[in-house]
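Input: one structure, supplied below.
Every number here is computed from the coordinates shown, using simple stated rules; none is lab data. It should be emphasised that the depicted structure is a prediction, and the values quoted were computed from it without experimental measurement. Here Cβ is always computed from backbone atoms with ideal geometry, including for glycine, and neighbour counts include all displayed protein chains.
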């Protein structure tokens, strides 16, 4: 889209006298420009790349943008063309977190909680592994004569944990919650931008996405998100999703390089691919440093999670929710969310509802406890 066409569009949407201020750097899926209308109010326009439009359900993205705005975690959308994917949002005065050195991890964690604890679900699951195989990896492989052995080793390890990762509780997630998609406003508030990939997913996927630059940043956010008390299950999922996200972006970068997008935008996508492969290796090493593998019957865990989904239906009616944390020595540990978190009746819900149903439907369950 030429600047002349952009100018025509913004005058149509924002009125005569509106103009482009400058291009906004960053992002692999959009070309963005900062705008202002005749009164000086600022906006930002997102123009997607060809690859982005192939991957994104635009009507669904528009729905998620509206939900996020109603939750108070993003700016207002004023124009959205679901065919082209072009959108214009009110501009948040501030900087994305990839442009600032210091920020408040507690406030960032709270931003994530607002999304994950909203009890609102998308009409679509993100389905990470299906996306990985059928979209990201499939196209990247079409350009490569042979796979990088380091990539293949990391991939094999990740996919050996697929059943575990796909058995987790789903919430509405951003699914691309890297630092560049979080804005620190001049008022010291935090907001998400860019809901192209939002959908139902394991909430810890979002925490892992924060570690795009350095795995350690996502790991620190995990601590804050769980008030310095993440479970072994939480930590395990964090590192596995971090491997997943890194390999996903590795494939995206490979595809962009061989499509010639690097030459078009004067950007070396092979360097990006190398960064994400190193990032995945860092997460792999973190996993083996922190996680002590226990032999647990995966079928039992899957049955526990499936049964909990039935219970969660009743809790959600009252604005609450329940998450499986771990299963050990016959004891199921759960974490309460939403209206159930800190509620004086939470213990009764666990004993009179969750425990009774799990004992009836899952052999080997003797007790249910609140994870603290």
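Across bins of 10 angstrom width beginning at 0, how are the C-alpha pair distances of region 72-208 distributed, in whole percent?
Percent of Cα pairs in each bin: 10, 33, 33, 21, 4, 0.
Another question about this same structure. Which whole-number percent gives the relative contact order of region 96-290, counting Cα pairs below 8 Å spaced six or more residues apart?
25
Roughly speaking, what is the stretch gain from residue 227 to residue 160, that is 0.36 nm per residue apart minus the C-alpha to C-alpha distance, in nm to one decimal?
21.1 nm
Still on this model: Where is the GNM fluctuation largest for the chain (alpha-carbon springs, 10 angstrom cutoff): 323, 223, 360?
360
Where does region 96-290 land on Rg/Rh, using Cα atoms and the Kirkwood Rh?
On the Cα set of region 96-290, Rg over Rh gives 0.95.
I've got another one for you. Over region 3-91, one equal point on each Cα, no solvent: what is log10 I(q)/I(0) by the Debye formula at q = 0.18 Å⁻¹?
Values, matching the q order: -0.81.
Report the paramagnetic label zone for residue 104: residues of region 167-211 whose backbone N is under 13 Å from a point 7 Å from Cα along the Cα-to-Cβ axis.
Zone members listed by number: 184-191.
Considering region 298-370, what Rg and Dmax in Å follow from its alpha-carbon atoms?
Considering region 298-370 through its Cα atoms, Rg and Dmax are 11.2, 33 Å.
Provide, as a two-decimal number, the C-alpha radius of gyration of region 71-153 over 2.2 N^0.38 Å, N being how many residues it has.
That works out to 1.59 for region 71-153.
Something else now. Sticking with the crude label model, points 7 Å out along Cα→Cβ, report the distance from residue 275 to residue 318 in nm, one decimal please.
4.7
Among 355, 147, 137, which one shows the biggest mean-square fluctuation in a GNM of the chain, springs joining Cα atoms closer than 10 Å?
Of the options given, 147 has the highest mean-square fluctuation.
OK, next. Can you tell which of 142, 246, 216 shows the greatest fluctuation in a Gaussian network model of the chain with Cα springs below 10 Å?
The residue that fluctuates most here is 142.
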